[in-house]
1. Sort through LYS41, LYS31, LYS47 and tell me the only one that's outside the structural domain of LYS116 (by TED's automatic domain parsing), more than 30 Å from ASN112 (Cα to Cα) and at pLDDT 90 or above.
2. Scan ILE2, ILE23 and give me the residue that is within 17 Å of the chain's Cα centre (by Cα) and surrounded by fewer than 16 Cβ atoms within 10 Å (Cβ to Cβ).
3. Give the residue that is surrounded by the most Cβ atoms within 10 Å (Cβ to Cβ), with candidates limited to residues of segment 44-62 that are over 15 Å from ILE16 (Cα atoms) and hydroxyl-bearing (Ser, Thr, Tyr).
4. Taking only pairs six or more apart or across chains, which ones have beta-carbon atoms under 8 Å, a first residue in segment 109-133 that is within 16 Å of ILE73 (Cβ to Cβ), and a second residue that is modelled with pLDDT under 70 and of a type in the set (Asp, Glu)?
5. As an exercise: evaluate LYS85 against (1) crowded, with 21+ Cβ neighbours inside 10 Å; (2) more than 14 Å from the chain's Cα centre (by Cα); (3) within 27 Å of LEU122 (Cβ to Cβ) and give the number of the one condition it does not meet.
6. For segment 87-116, how many residues meet the condition of being farther than 28 Å from GLU49 by Cβ and modelled with pLDDT under 85?
7. What are the residues in segment 33-51 that are in a loop (DSSP other than H, G, I, E, B) and more than 19 Å from LYS72 (Cβ to Cβ), if any?
Amino acid sequence: MITKSTEEYLKTIYIIKKQNGNIRVTDIANKMNCTKPSVNKAINNLKEEGMLNYETYGTIELTERGENLAKKIIEAYDIVYIFLKDVLNLEEEKAEKEAEKIKMTITDETINKLAKYVHKVLGLSNLNCNYDINQEKCRKCIKRKI
């Protein structure tokens, strides 16, 4: 089972992959400000869930399933962040911190409704398609930072 904590590792792994191309335990530990044993435990959990491929001291690679979940996690964060920054007018730094906290507790159902609201208020696009964060076709219409 993927926990909210494990989701954060998956998101971080995806971001490091996009930025650096290769993913190392040290990079994950540094980015998340945690220990290498914590990273190794999370990596093994993600491997068991089929989210990544990894052999000890080898390269870490996201599976297609892992990459798709990471994109969903990032999108959910983006939706909350945009709401806080552009709708509630929070300062960028505060919106980032708050979005991280909120994303850890919010459900997919709430994210779906928030996405529709944000897009309607900001006029970004028409989401009369019954937006669902779990549908790849819907996720493609979101403006991403990555």
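1. LYS41
2. Numbers: ILE23 fails: surrounded by fewer than 16 Cβ atoms within 10 Å (Cβ to Cβ).
After applying the criteria, what remains is ILE2.
3. Per the criteria, the residue is TYR54.
4. If the second residue must be modelled with pLDDT under 70 and of a type in the set (Asp, Glu), the pairs left are ASN112/ASP132.
5. (1)
6. Counting residues in segment 87-116 that are farther than 28 Å from GLU49 by Cβ and modelled with pLDDT under 85 gives 1.
7. The answer is ASN33, CYS34, THR35.
The values are calculated or read from the model by the stated rules, or taken from the named source; none is laboratory data. All values derive from a computational prediction rather than experimental measurement. As a convention, Cβ positions derive from the backbone with ideal geometry for all residues, glycine included, and neighbour counts pool all protein chains shown.
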